[in-house]
Amino acid sequence: MTISKLLVANRGEIAARVLRTARVKGIKTAVLRHSSEQEGPAHLIADEVVTIEGSTPVAAYLDIAQIVEAAQRIGADAVHPGYGFLSENAAFVAALEKAGITFVGPTSEVIDLMGDKIRARAFVEERGFPVAPSAIEDDDPATFVERSRAVGYPLLIKPSAGGGGKGMRVVREDGALEAEIDTARREGERYFGDGRLFVERYIERPRHIEVQVMGDGQGNVVHFWERECSIQRRFQKIIEETPSPALTAEQRDEICETAAGIARAVNYRGAGTVEFIYAQDGSFYFLEMNTRLQVEHPVTEMVTGFDLVAEQLRIAAGEGLSAAQADIAQNGHSIELRICAEDATQDFRPAIGDILLLDEPRGEGVRVDSGILDGGKVTTDFDPMLSKLIVHGRNRAEAIARGRRAAQDYVILGVTTNLAYLDTILDHPKFRSGDVSTGFLAEEADELNQDRDPATTDILAAATVLSDARLVKALENVPEIYRLMGNWRN
């Protein structure tokens, strides 16, 4: 089939990113917008903006019936879900299939299977792929606590339908196990409407490594190599890179081929990511499969030269894979920084405010995928991620240096961001050496937050990069800038 009109059922930076590729391919586009939202980059790129309503903005983006009706009304023959919202919702895919609209992604059956962590884990284990020792509540609820203890401490409790780190609990001693199970169950029910749990052995100082895969739904699968995603706060990534500094060439081939094998086993169609926990001894275990495009996909694009959204659209149109495995090579090193409206010194508390001044970094090997505009408003209606800063270098050292310069040149005034915090991470000796784990931010919290005031740092950074014209604009907001600076007056 030919995709003639694409509805992007998402918002922010990912909507803008998908729309840009669709435009290059000559596809007419539309994007959603809640009635309370301000204009963003995606709304300027799309040929058409479709207004949606809901009790809250998020509720509107989760309204399957409303979005399917909107796609039919505007004559869209395909829908790209981005990530989050309905991107891994099997009922949404089934509704589109019933309406005769192509979903840019896997089938509803595959999403249903791999979206259930317990079923996915059993599927993978039955086919001989590595999984961590575990206990599944559904196997025998009455003995779940006893079987969890038998796995051995430390333990990681997970909701079956979980994602984004929500509901996950680490238990290190027996006295806390039952209480943490109860808490995880309540959180699973709250966030996902599903309180089912499983427990697996918690790997001490693990790394989080994932592999980008692409399948045509006809049994053909290729991988686009791995990404290192160990820099996380509360189980949520904030820095990703590729290649992983932890892997030898042999380990890289093994983990990537394992991921491709899992995708082949499920007859995967479209873009997906197989995630693994990587232990200090070099062993690795299946964690989950995300049946969608990942936030961090740009680093893969930077080192392979492939446009993954273009690949998604190609496969959805029935054209198959554009490359064989031998054609996909890693060139150089890439790092992505997630720019969030939050205060890292206050346990990553979300921040709100008006964007008084926005000036994005530019230059060789620098890419910004943004969901904000100068003069926009940042609220708590959505996730605090504002944009992504992606850099590429000939090697890891060059990528780190380029990332630091770009972060220092990135100006966002009016709302507290984690830009300076991310720069501090890149400069940390352990990060530079590649000696990190998923617990790195917690282990180094005191040093990473030492003597740093986010608002002051942002203003000082702005003063070093603004042209005269931009500085005049900034001075128009002097009272607001002084408020941000607090007692700092020099």
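Summary table below
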quantity	calculated
Above-threshold pairs, the threshold being 19 Å between Cα atoms, out of Lys117/Lys166; Lys5/Lys25; Lys237/Lys377; Lys166/Lys430; Lys158/Lys237	Lys237/Lys377; Lys166/Lys430
Förster radius 35 Å - calculated FRET efficiency between Ile64 and Asp354 (Cβ-Cβ, nearest 0.05)	0.60
Ranked by how many other beta carbons lie within 10 Å on average, peptides 303-316, 42-55 from highest	303-316, 42-55
Point-to-point label distance, Asn395-Glu319, nm (Cα→Cβ direction, 7 Å offset)	3.8
Rounded to whole Hz, the Karplus (6.51, -1.76, 1.60) HN-Hα couplings of segment 215-232, x for glycine and proline	x, 9, x, 10, x, 9, 9, 10, 10, 10, 6, 9, 10, 8, 10, 7, 7, 9
Tensor-based shape of the chain (alpha-carbon gyration tensor, a/c under 1.5 rounded, otherwise prolate or oblate)	rounded
Nearest-0.05 FRET efficiency for Arg205 and Thr380, computed from C-beta distance (R0 30 Å)	0.35
Within straight-line cross-link reach of Lys388, aspartates and glutamates at Cα separation under 13 Å, skipping those fewer than 8 residues along the same chain	Glu13, Glu240, Glu241, Glu296, Glu336, Glu360, Asp369
Under 5 Å, built H, 5+ apart or other chain: amide partners of Arg269	Thr107, Gly217
Percent carbon-and-sulfur accessible area, the chain, ignoring ligands, DNA and RNA, probe 1.4 Å	47
At least 15 Å along the helix axis (C-alpha) and Kyte average at least 1.0, DSSP helices within the chain	454-465
Two-site FRET efficiency, Thr2 against Leu373, from Cβ-Cβ distance with R₀ of 25 Å, rounded to 0.05	0.15
Met289, Met1, reordered so the largest accessible area comes first (probe 1.4 Å)	Met1, Met289
Amide H partners (placed H, <5 Å) of His34, local residues excluded	Ile52
The chain - mean residue ellipticity at 222 nm from DSSP helices (-39,500 (n - 2.57) per run, n ≥ 4, rounded to 500)	-10500 deg cm²/dmol
Virtual spin-label span in nm between Val24 and Gln280, 7 Å along Cα→Cβ	4.3
Environment charge of Ile45, counting only residues whose C-beta is closer than 10 Å and scoring Lys/Arg +1, Asp/Glu -1	+2
Paramagnetic reach from Val131 (point 7 Å along Cα→Cβ, amide N under 17 Å) across segment 173-198	196-198
Length added when fully stretched, Glu173-Phe192, from 0.36 nm per residue minus Cα-Cα	4.1 nm
Segment 92-175: GluC sites (Glu not before Pro) in DSSP loop, at most 16 other beta carbons within 10 Å	Glu173
All Cα pairs of segment 44-106, percent lying beyond 12 Å	67
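The values are calculated or read from the model by the stated rules, or taken from the named source; none is laboratory data. Note that the coordinates shown come from a computational prediction; the quantities given were computed from them, not determined experimentally. Ideal geometry is used to build each Cβ from the backbone, glycine not excepted, and the neighbour counts take in all protein chains shown. For the accessible areas, the whole protein counts, side chains as well, though only heavy atoms, and no ligand, DNA or RNA atoms are used. Shrake-Rupley method; radii C 1.70, N 1.55, O 1.52, S 1.80 Å.
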